[in-house]
Amino acid sequence: MSVLPGSSADAIEQAAQRLKQGGLVALPTETVYGLAARADDDAAVAQIFATKGRPSDHPLIVHVLGRDEALAFAAELNDAAERLIAAFWPGPVTVIVRRASGRAAAAAAGLPTLALRCPAHAVARAVLTRCAQLGISGLAAPSANRFGHVSPTTAAHVSDEFGESLMVLDGGASELGIESAIVDCSGAAPVLLRPGVITREQLERALGVALHEPDERSAPAPGTLDSHYAPRATLRLMSSREMKEALQVLPATIKGLAVYSRSAPRRHPLVRVMPDDPLAVAQELFAVLRMFDDQGVKLIWVEQPPDTPQWEGVNDRLQRAAAP
Ligand code: TXA
Ligand code: MG
């Protein structure tokens, strides 16, 4: 079993049946791979927490086919939520709304709010469509990695995390590569809790108002802002100047060190040249960190990308990965 081709109708059917019975299936999305269970079954959702080693007070995102299916889980969709849904669904923007009472309580970790996302990936949509036919309207799915580790962007990354017993649908390498932007729409003003590849400017244009900064009220979930998304190796973020200076004195081979940098010369064996384009870096970032870990390095030097809105999602993940 383990990895099945997401393009096969038979595999979609097997996955939907497994989900219906309360089992877990790892699915590709356009951002990262998710570890899914039916959102209306608290025992199935509890298995996600156990499998990931995730604290049960850390809420999950519920994935739906579209706005109509979101209505089953939301107490209301206010103006901010409606605008984001109209502009970006299906796609990599998650909205947090007030939760309909009694719906998806375990996925929400008991919070009065719920995170809803409508994925664009064809395989995720095929599974959601078949699940809907079987009477299941939403799938709880966090990223398919152990708690604190970097998110998986290929089916092989998922198998590496959880072994062969988990059913994984293979939908190729994730096109976007970092997790969805999360906008908390449950309060008086929308708050960006996690940046993604959709920029702050794009979100604000759709909302028609400015995003507010997170505060204690808007981030009730422990770990929402400080979870690490970290490789096993220690990651050090360096300015372009620090990187240039360090590379000048670096011998051609250094044991246990990998470098991810725009300015790096290729003569070093463990140097990976960072693309200039934020979308290209987002797409490969987690795979590059996993590759360095697989090579057994102890230290990863990363050149800090520019501090501009286009790089916000990538910079956020790099800062988390570098956090002590
Ligand atoms: O792109 C994505 O969003 C991926 C794919 C699989 O869809 N999913 C994902 O899920 O990144 P996860 O569970 O790894 O990250 C969800 C984040 C967590 O940091 C969680 O604390 C936050 O969303 N979250 C979920 N529900 C929340 C809520 N009601 N209030 C505040 N934060 C919430
Ligand atoms: Mg995650």
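Tabulated data
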{"read-out": "Cross-chain or 6+ apart pairs with Cβ under 6 Å, segment 45-62 first and surrounded by 14 or more Cβ atoms within 10 Å (Cβ to Cβ), then of a type in the set (Val, Ile, Thr) and not in a loop (DSSP other than H, G, I, E, B)", "value": "61/94"}
{"read-out": "Residue match in segment 204-220 (condition: at pLDDT below 90, open to solvent by less than 30 Å² (accessible area, probe 1.4 Å) and within 13 Å of ligand 1 (Cβ to nearest atom))", "value": "yes"}
{"read-out": "Yes/no for residue 193 being at pLDDT 90 or above, more than 20 Å from the chain's Cα centre (by Cα) and part of a strand (DSSP E or B)", "value": "no"}
{"read-out": "Conditions (1) in contact with a strand residue (DSSP E or B) (Cβ under 9 Å, 6 or more places away or on another chain); (2) within 16 Å of ligand 2 (Cβ to nearest atom); (3) among the β-branched types (Val, Ile, Thr): number failed by residue 178", "value": "(1)"}
{"read-out": "Residue among 87, 109, 120, 132 that alone is surrounded by fewer than 22 Cβ atoms within 10 Å (Cβ to Cβ), within 16 Å of ligand 2 (Cβ to nearest atom) and either modelled with pLDDT of 95 or more or not in a helix (DSSP H, G or I) (or both)", "value": "109"}
{"read-out": "Any chance residue 166 is within 23 Å of residue 41 (Cβ to Cβ), surrounded by 24 or more Cβ atoms within 10 Å (Cβ to Cβ), touching a residue at least 40 places away in the same chain (Cβ under 8 Å) and among the hydrophobic types (A, V, I, L, M, F, W, C)", "value": "no"}
{"read-out": "Residue 136 vs. criteria within 10 Å of ligand 1 (Cβ to nearest atom) and either in contact (Cβ under 8 Å) with a residue 24 or more places away in the chain or not assigned by TED's automatic domain parsing to the domain that holds residue 60 (or both)", "value": "no"}
{"read-out": "Conditions (1) charged (D, E, K, R); (2) in contact (Cβ under 8 Å) with a residue 40 or more places away in the chain; (3) open to solvent by 20 Å² or more (accessible area, probe 1.4 Å); number of the one not met by residue 99", "value": "(2)"}
{"read-out": "Test result for residue 141, within 16 Å of ligand 2 (Cβ to nearest atom) and at positive phi", "value": "no"}
{"read-out": "Unique match (being within 10 Å of ligand 1 (Cβ to nearest atom) and touching a Ser or Thr at 6+ places or on another chain (Cβ under 9 Å)) among 27, 116, 60", "value": "116"}
{"read-out": "Per-region count, segment 17-28, residues buried (at least 21 other Cβ atoms within 10 Å of the Cβ) and in contact with a Lys or Arg (Cβ under 8 Å, 6 or more places away or on another chain)", "value": "3"}
{"read-out": "Pick from segment 58-73, criterion under 18 Å from the mean Cα position of the chain (by Cα) and not hydrophobic (A, V, I, L, M, F, W, C), ranking: modelled with the lowest pLDDT", "value": "58"}
{"read-out": "Residue check, residue 37 part of a strand (DSSP E or B) and either more than 20 Å from residue 180 (Cα to Cα) or under 18 Å from the mean Cα position of the chain (by Cα) (or both)", "value": "yes"}
{"read-out": "Some residue of segment 95-102 being within 23 Å of residue 167 (Cα to Cα), of a type outside the set (D, E, K, R) and touching a Leu at 6+ places or on another chain (Cβ under 7 Å)", "value": "no"}
{"read-out": "Unmet requirement for residue 180, which otherwise passes all of (1) outside the structural domain of residue 31 (by TED's automatic domain parsing); (2) among the small types (Gly, Ala, Ser); (3) within 16 Å of ligand 1 (Cβ to nearest atom); (4) modelled with pLDDT of 95 or more", "value": "(1)"}
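The values are calculated or read from the model by the stated rules, or taken from the named source; none is laboratory data. Quick caveat: nothing in here was measured; it's all calculated off a predicted structure. Glycine also receives a Cβ, built like all others from the backbone with ideal geometry; neighbour counts cover every protein chain displayed. What goes into the accessible areas is simple: the full protein's heavy atoms, side chains included, and nothing from ligands, DNA or RNA. Shrake-Rupley method; radii C 1.70, N 1.55, O 1.52, S 1.80 Å.
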